[in-house]
1. Taking only the range 336-364 into account, find how many residues are surrounded by fewer than 16 Cβ atoms within 10 Å (Cβ to Cβ), closer than 17 Å to Tyr301 by Cα and not hydrophobic (A, V, I, L, M, F, W, C).
2. Can you name the residue in the range 81-99 that is of a type outside the set (Val, Ile, Thr), at pLDDT 85 or above and in contact with a Pro (Cβ under 8 Å, 6 or more places away or on another chain) and is also most open to solvent (accessible area, probe 1.4 Å) among such residues?
3. Yes or no: Gln223 part of a helix (DSSP H, G or I), surrounded by fewer than 21 Cβ atoms within 10 Å (Cβ to Cβ) and modelled with pLDDT of 95 or more?
4. Looking at (1) within 29 Å of the chain's Cα centre (by Cα); (2) surrounded by fewer than 15 Cβ atoms within 10 Å (Cβ to Cβ), which one does Asp113 not meet, given that it meets all the others?
5. Exactly one of these conditions fails for Gly195: (1) of a type in the set (Gly, Ala, Ser); (2) open to solvent by 20 Å² or more (accessible area, probe 1.4 Å); (3) assigned to a helix (DSSP H, G or I). Give me its number.
6. Assess whether Ala107 counts as being closer than 23 Å to Pro35 by Cβ, open to solvent by less than 20 Å² (accessible area, probe 1.4 Å), in a strand (DSSP E or B) and in contact (Cβ under 8 Å) with a residue 60 or more places away in the chain.
7. Pick out the one residue from Ser266, Ser225 that is within 24 Å of Tyr189 (Cβ to Cβ), touching a residue at least 40 places away in the same chain (Cβ under 8 Å) and in contact with a Gly (Cβ under 9 Å, 6 or more places away or on another chain).
Amino acid sequence: MFPFVLLTALLPLSQEEAELQPGVPLAVEITADDPVLAGWGPSRRFAYTPDFDGRVFAFVLCDAFDPYLRIEGEDGVLLAEEDDGLLDSTDLLFLEVKAGAPLTVVAGGSTPDDAGTLALHLHEAPETEATRAAAAGTTAVIQEIRRLATAGDRDAARDLAARTVDEFLAIEGAERSHLMAHSLGRVGYESAMLGDLPTGLRSWEHRLRHDARVLPAHHPALQSSRVNVANLTTDVQRSAELLRQVVAAFDATLEPDDERILMARSNLGTALNTLRDHEGARELYAAVLEASRERGPADFYLQTSLLNLGVALRDLGRVQEALALWEELLAIQSGTLPDDDLDLQMTRANIAGAMKDLGDFAGA
C-alpha cells in the first residue's frame, strides 16, 4: 500500500456537499453515517462544473481502505468509475468533459465497513482548437521525420523534430493541455533517437511537468516521464533525484524482481556511483543482484549487477569482493559469448586490474 500524508494545505470539508476546487486536494472523512452507494460502501458526493472543453483527472489516495471513485453526469448517469486502481489505496479516473456540463464526483469505500480519511484530487487539462489541431497532425509529422531519417537525411529529420517541438511549446494553452504533453513526448522520443538530446529533453521536461501535475505520484506514466528526463539530462544530480522518486514509487507498487524496478535501481546506482556515492550505489546493485539470482545466469540484470556491484565495491576499496563477483560473471560469459566479445573482454580486464590491485601480478 502506497503511503501518503494528508498535508495541512488540504481544503477542510464541511458536512454538506462541497464543490471541488481543481488542483486543491480535499480531505474527506468517510464514516458509517455517510450514505451507502448500492453495491459499494459509504460515500460522499461533490459537485463540479468545468468551464472548459478537455480532460479532467480525478483520483483518491487512502491509507485506510480500498477506495471507490465514480463520476456522474446529469440525472446521475454513470460516466466513469474505478474500484480497482493501481494500488489498493488509490483509484484514478480521467474523463473528457465539456464546458458547462455539470458533474458529480462520488468518493468513498468499496465495502460497507470502510471508514477513514481519503484525499480527493481533481485536475484539469483544457484543450483549444489549436492544441487539438496540433495533436491531430503529430502522427503525420513523425512519419515525415522517420522518412527523412530512413532516406539518410538525419539533419533534416532532426531539424523538423526541433521545429515541431518549438511550435508545440509556443501554442497557447500548451502548458495545461494533455494532448500537447502526449504529442511532445512522442516527438521528443524521435529527437532522442536521432541524437538530438537537448530537444528530447525539452519535450520530456514538458511531459513530466504535466504528468506530475495530474497523476498520482506512483503512477506508471509519471515514472516513465521521470526515467526519460533522467536519461536525457546531463545534470547527474537531477537524474539521481528523479530516479530516487522512481525507485520509491516502484518499491511501493511492484514485486522486487519486476524488471522495471531492477532497471530503475541499476540506473540510480550508476548515477550515484558517478556522484561518488559508492556506498549508495553498492546497496542498490546488491538489491538488484539478490532479486535477479532466481532469474537464472543468462538474465541481463544478474550479469549487469555482477559487473556494477563489482565496480562499486572496487571503488570502496573492497577489491577482493569485487574480484569474486567478476570471476562469477566471467564463468557465465565464457559459456555463452564468443572469445572476442567486448563484454567478455571488459570482464577479463576488470579481473586483471583487480588482481594487480591485490598484488597478484602473475595471475593478472
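1. Number of matching residues: 2.
2. The first filter runs over the range 81-99 and keeps only residues of a type outside the set (Val, Ile, Thr), leaving 81-89, 91-96, 98-99.
Add one more test, that the residue is at pLDDT 85 or above, and what stays is 81, 93-96, 98-99.
Filter once more, keeping what is in contact with a Pro (Cβ under 8 Å, 6 or more places away or on another chain): 98-99.
On the way: Lys98: 127, Ala99: 57 Å².
Top of the filtered list is Lys98.
3. Spelling it out, it is not the case that Gln223 is part of a helix (DSSP H, G or I), surrounded by fewer than 21 Cβ atoms within 10 Å (Cβ to Cβ) and modelled with pLDDT of 95 or more.
4. Asp113 satisfies all of (1) within 29 Å of the chain's Cα centre (by Cα); (2) surrounded by fewer than 15 Cβ atoms within 10 Å (Cβ to Cβ) except (1).
5. Checking Gly195 against (1) of a type in the set (Gly, Ala, Ser); (2) open to solvent by 20 Å² or more (accessible area, probe 1.4 Å); (3) assigned to a helix (DSSP H, G or I), the one that fails is (3).
6. Values: closer than 23 Å to Pro35 by Cβ: yes; open to solvent by less than 20 Å² (accessible area, probe 1.4 Å): yes; in a strand (DSSP E or B): yes; in contact (Cβ under 8 Å) with a residue 60 or more places away in the chain: yes.
Spelling it out, Ala107 is indeed closer than 23 Å to Pro35 by Cβ, open to solvent by less than 20 Å² (accessible area, probe 1.4 Å), in a strand (DSSP E or B) and in contact (Cβ under 8 Å) with a residue 60 or more places away in the chain.
7. Numbers: Ser266 fails: in contact with a Gly (Cβ under 9 Å, 6 or more places away or on another chain).
Only one candidate qualifies: Ser225.
A quick yes/no check of all residues on (1) part of a helix (DSSP H, G or I); (2) open to solvent by 70 Å² or more (accessible area, probe 1.4 Å); (3) aromatic (Phe, Trp, Tyr):
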residue: Leu122; (1), (2), (3): no, no, no
residue: Ala125; (1), (2), (3): no, no, no
residue: Ile142; (1), (2), (3): yes, no, no
residue: Ala156; (1), (2), (3): yes, no, no
residue: Arg163; (1), (2), (3): yes, yes, no
residue: Phe168; (1), (2), (3): yes, no, yes
residue: Glu172; (1), (2), (3): no, yes, no
residue: Leu179; (1), (2), (3): yes, no, no
residue: Gly185; (1), (2), (3): yes, no, no
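The values are calculated or read from the model by the stated rules, or taken from the named source; none is laboratory data. Note that this is a predicted model, so its numbers are computed, not measured. For neighbour counting, all protein chains shown are included, and Cβ atoms are generated from backbone atoms with ideal geometry for every residue, glycine included. Note: accessible area is taken over every heavy atom of the protein model, side chains too, but ligands, DNA and RNA are not part of it. Shrake-Rupley method; radii C 1.70, N 1.55, O 1.52, S 1.80 Å.
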